[in-house]
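Each reported figure results from applying straightforward, stated rules to the coordinates on display, with no laboratory input. Remember, predicted model here, so these are calculated numbers, not experimental data. Counting neighbours? That spans all protein chains shown, and the Cβs are built from the backbone with ideal geometry, glycine included.
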Amino acid sequence: MLALMPLVACAGQAPLRLASGGEVMTAAFGHSALVGPPGWLPDAAPGQLLGLRLEGGLLSVEVHDATVISEERDRRVRQVLTTHYRTEEWFAEDELEARPGALNRAIGYGLLEDPGLLTSPVTPLNELLYDALHEVDRVSQSRDRQAWEAGDCVTFGISGMPEALCTELSRRAHTYGMPLDQYVILALGHLAWRTPFAEDVGPWESWVPDPPEPLDHPRVRSV
C-alpha cells in the first residue's frame, strides 16, 4: 500500500470525509487499507487508474486514463521525494520500522517545497519509487520460511559475550543484510559441520602413531 500510505496515515488519526458523502477510515484489523461506504470507489476499466485527491479536508476519487500521466511530472515527483527521503536517512540509522514515517515526512517536505507536486495525476508511488518498505519484508519472509522448513527450532540466550565480539558480529551481520541472530546461527552451523570434534576422530588410543615397519633392505649408515 505504498501508493496510499499518506492517506492511510491521515485516516489512521481520524476518518477522512468524502466529497460524495460518508467517511473513509483504515481497516479494522490494522491492515494497510482504506475502507469506505458502498460505492465510494467508481468503476474503472482495466488499465485505468484511480486518483485520490484530498483538498479542503474532503477526499474525492476520480478515474483517469494512463495517457494523462506525464513522464516529466513523474520524474519531478520521484526526484523531490527521493531527495528528502535520502536526506533524512543520511542523518539517521535505517530501520525498517521507521521507513513508513520517513517516507510520509518526505512527502510532507516535498509538498512544502512544491505545493502543486501531487495535484496532477502521477504514476502510483509503488511503481514510481523503489518499494523499500516491503523489499526487506519479502526477503525476511523467505528466510523465515526456510528456517521453519529446517525442522524444530530452539531459543536460547548468550550471557557474558565480550562487547567487542558482539559489535563485530553485528557489523558482519549488517554487511550481509542479516539480523544478528540469523548470522550467529549461520556461523555456528558452519563451525559445527566444518570442524572435527573429539567424537569424530575416534577414541584417544587411535591417536598414538603405529610403530614403523622394518625395512626390507639393510640400513646404510654414514661414517
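Modelled label positions at ASP114 and CYS153, each set 7 Å beyond Cα in the direction of Cβ, lie 4.4 nm from each other. Using the Karplus relation 6.51 cos²θ - 1.76 cosθ + 1.60 with θ = phi - 60°, the per-residue 3J(HN,Hα) values for the range 13-28 come to 8, 7, x, 8, 7, 8, 5, 8, x, x, 9, 10, 9, 7, 4, 5 Hz, with x marking Gly and Pro. Taking a ≥ b ≥ c as the square roots of the eigenvalues of the Cα gyration tensor of the range 17-82, is the shape rounded (a/c under 1.5), prolate (a/b larger than b/c) or oblate? Taking the square roots of the gyration eigenvalues as a ≥ b ≥ c, the range 17-82 is prolate.
Sorted on the mean count of surrounding Cβ atoms within 10 Å across their residues, most packed first, peptides 102-114, 63-75, 152-164 read 102-114, 63-75, 152-164. Here the spin labels are modelled as points 7 Å beyond Cα on the Cα-Cβ line, and at SER32 and LEU18 they lie 2.4 nm apart. Amide H contacts of ALA19: LEU59, SER60, each under 5 Å away and 5 or more positions distant or on a separate chain (H built 1.01 Å from N in the peptide plane; Pro and chain starts excluded).
Please work out the FRET efficiency for the pair VAL63 and ASP181, using the Cβ-Cβ distance as r and a Förster radius of 35 Å; give the result to the nearest 0.05. Rounded to the nearest 0.05, the efficiency is 0.15. So if we plug the beta-carbon distance of LEU191 and ARG86 into 1/(1 + (r/R0)^6) with R0 = 41 Å, what FRET efficiency do we get, rounded to 0.05? Efficiency computed from Cβ-Cβ geometry: 0.60.
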